[in-house]
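Colleague: Mind having a look at this structure? Questions to follow.
Readers should treat all values here as calculations from the given coordinates under stated rules, not as data from a laboratory. The shown structure was predicted, so the numbers you read here are calculated from the model rather than taken from an experiment. Methodologically, a virtual Cβ is constructed for each residue, glycine included, from the backbone with ideal geometry; neighbour enumeration extends over all protein chains shown.
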Amino acid sequence: MVLQVQFEAGDVTRAMNAYMRQQGANLEDFLKAIEHDLGGPLFKLLHVGNDFAHGTPNKHGQFPNLHARAYVDNIGTKAALLYVSLKPFLGVLRRRQAGQHPDSSFVEGVGDLVSTLLQMCVYVPITPQVEALGEISPERASLLRQAELWTSLVVYTANSFFSRRSEQDRYFLSGDVMTFAGSFPNTANMYFDSPYVQPIVSQADYFTHAVLPLIQNVLQHALNPENNIYGRPESCFFAVGTKDDPAKKELTFSIADKGYGIRPEILPHIFDRGVTTKPDRETEHGIGLWSVKRFVEEHGGSIQATTELGKGTFIQFTIPYSRKEGHFCVQ
């Protein structure tokens with residue numbers, strides 16, 4: 001897969017303005033969603049990259065050679081730069097929206113973000129390029145595939161927030177999901193099944209603000225070892241799909257995973273703001289699913305989750321529509 005950064009400084013301003021035109025829009029919620037949805041994959045990328053380059057042999061197999069370690073360390077350097085600059089970057093956006101930031105400084109801040117993302121893209125595909133540098137243990141090869149997944153997700157998420165898709169007056173959820181599925185780098189422990197999504201046209205960007213965060217939630221939480229009560233291997237299959245209810249004029253979008261499930265005391269609160277199972281050192285807690293619920297409900301839908309500890313989780317939300325035009329549901 002060829003990764004491309006699909007935005008520049010002016011597109012970031014347009015994306016913020018487009019969001020603020022939505023009914024009930026709140027700039028802080030938008031910025032927190034950016035921090036959460038970019039910070040989570042960046043943190044995971046740093047983690048797996050460090051394990052590849054510096055993890056102990058008894059856990060990750062023999063050390064890779066110096067060239068392979070340097071290659072992955074370079075990716076980690078770019079990820080660390082993005083991670084530590086995320087809050088200052090959002091501060092620039094905040095002041096820009098308030099008219100308190102000079103244009104030159106704003107362009108420079110966004111330019112640094114785009115430049116770092118472009119530098120990360122150069123390293124993809126990661127696995128074949130690192131394997132060409134020398135022998136890699138199976139354990140470290142698995143980490144390489146995970147690093148490729150998180151790198152791809154960082155760039156994909158940034159494009160979803162800031163590219164010119166924010167200026168669209170119509171969104172095609174089925175096309176967005178299929179495009180993402182076609183570019184998803186399946187790994188040994190995370191497999192995305194081929195999706196089927198009923199064609200729907202909407203004025204709201206369900207992919208960026210609902211589907212992509214839900215997929216991120218699976219990737220980051222489905223294999224939480226605390227919930228692995230049956231001692232299963234560390235692998236997860238997940239799938240998305242839709243079901244049409246013409247009588248209600250309503251689509252139900254679902255995402256099901258075969259991970260380790262959610263603890264029963266957490267389940268009733270997973271859509272509450274501030275509820276999380278992440279460690280303290282990650283980005284602000286309890287934003288992702290709360291933000292999805294808020295978006296879905298603001299557009300007339302509802303969301304719910306069911307789970308079986310040790311076996312997996314099923315989340316679904318509804319999308320109301322007004323009419324059918326051929327095979328398309330039109331919101």
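Colleague: State the extension gain, in nm to one decimal, for the chain segment bounded by Gln168 and Phe328, taking 0.36 nm per residue of separation less the distance between their alpha-carbons. Could the numbers behind the result be given before it?
Modeller: Values: separation 160, 0.36 × 160 = 57.60 nm, distance 1.77 nm.
This chain segment gains 55.8 nm when fully extended.
Colleague: Moving on. Among 86-95, 70-79, 319-328, what's the highest-first ranking by average C-beta atoms within 10 angstrom per residue?
Modeller: 70-79, 86-95, 319-328
Colleague: Could you list the square roots of 5 times each eigenvalue of the Cα gyration tensor of the stretch 169-331, that is, the equivalent ellipsoid semi-axes, sorted largest first and rounded to whole Å?
Modeller: The three semi-axes for the stretch 169-331 are 28, 18, 14 Å.
Colleague: Still on this model: Looking at Thr116, Thr318, Gly175, which one has the Cα that reaches farthest to the positive end of the dipole of the chain (charges on Cβ: Lys, Arg +1; Asp, Glu -1)?
Modeller: Result: Thr318.
Colleague: Show log10 I(q)/I(0) for the stretch 29-99 at q = 0.11, 0.13 Å⁻¹, two decimals, from a solvent-free Debye sum over equal Cα scatterers.
Modeller: Once normalised to I(0) and log-transformed, intensities are -0.38, -0.49.
Colleague: Over the alpha-carbon set of the chain, divide Rg by the Kirkwood Rh and report the Rg/Rh ratio to two decimals.
Modeller: Answer for the chain: 0.96.
Colleague: Rank these for me by crowding, Val154, Val275, Val122, going from fewest to most other beta carbons within 10 Å.
Modeller: Val122, Val275, Val154
Colleague: Something else about it: In debye, nearest 20: dipole of the chain around its Cα centre with unit charges on the Cβ of K, R (+) and D, E (-)? The partial results should precede the final answer.
Modeller: On the way: 30 positive and 35 negative charges, 53 e Å.
Using only the charged Cβ atoms, the result is roughly 260 debye.
Colleague: In nanometres, what is the gap between the two model label sites at Glu131 and Asp272, each 7 Å from Cα along Cα-to-Cβ?
Modeller: Rounded to a tenth, the inter-label distance reads 4.6 nm.
Colleague: By how many nm would the segment from Glu265 to Asn74 grow when fully extended, if each residue of separation counts as 0.36 nm and the alpha-carbon distance is taken off? Working shown, then result.
Modeller: Numbers: separation 191, 0.36 × 191 = 68.76 nm, distance 4.07 nm.
Residue separation times 0.36 nm, minus the Cα-Cα distance, leaves 64.7 nm.
Colleague: For the stretch 78-186, take the convex hull of the Cα atoms, compute a quarter of its surface area, and give me that in nm², please. Kindly include the intermediate steps, with their values, before the conclusion.
Modeller: Numbers: hull surface 35.5 nm².
Its Cα hull, projected and averaged over all orientations, spans 8.9 nm².
Colleague: Placing +1 on the Cβ of each Lys and Arg and -1 on the Cβ of each Asp and Glu in the stretch 1-167, which of Ala33, Leu153, Val130 has its Cα farthest towards the positive end of the resulting dipole?
Modeller: The Cα lying farthest towards the positive end belongs to Ala33.
Colleague: In terms of Cα to Cα distance under 13 Å, which aspartates and glutamates are near enough to Lys249, apart from those fewer than 8 places away along the same chain?
Modeller: Hits, sequence-local ones excluded: Glu325.
Colleague: If you count, for each residue, the other Cβ atoms within 10 Å and average over each peptide, how do 253-261, 201-209 line up from highest to lowest?
Modeller: On the way: 253-261: 22.0, 201-209: 20.2.
Sorting 253-261, 201-209 by mean packing, highest first, produces 253-261, 201-209.
Colleague: Could you order peptides 46-52, 178-184 by the average number of other Cβ atoms within 10 Å of their residues, highest first?
Modeller: The densest-packed peptide leads the list: 46-52, 178-184.
Colleague: Report the trypsin sites (Lys or Arg not before Pro) located in the stretch 129-214 that are in a DSSP loop and have at most 16 other Cβ atoms inside 10 Å of their Cβ, or state none. Don't skip to the answer; put the middle values down first.
Modeller: Details: sites: Arg140, Arg145, Arg164, Arg165, Arg170; in loops: Arg170.
Within the stretch 129-214, the qualifying trypsin sites (Lys or Arg not before Pro) (loop, at most 16 other Cβ atoms within 10 Å) are Arg170.
Colleague: Let me have the 222 nm mean residue ellipticity of the chain computed from DSSP H runs of 4+ only, each contributing -39500 (n - 2.57), with the sum over all residues rounded to the nearest 500. If you can, show how the numbers build up before the last one.
Modeller: Numbers: 10 runs with 158 residues, N = 331.
That calculation yields -16000 deg cm²/dmol at 222 nm.
Colleague: Just to be sure I understand the curve: with the Debye formula and one point per C-alpha of the stretch 1-167, what is log10 I(q)/I(0) at q = 0.12, 0.17 Å⁻¹?
Modeller: -0.57, -0.95
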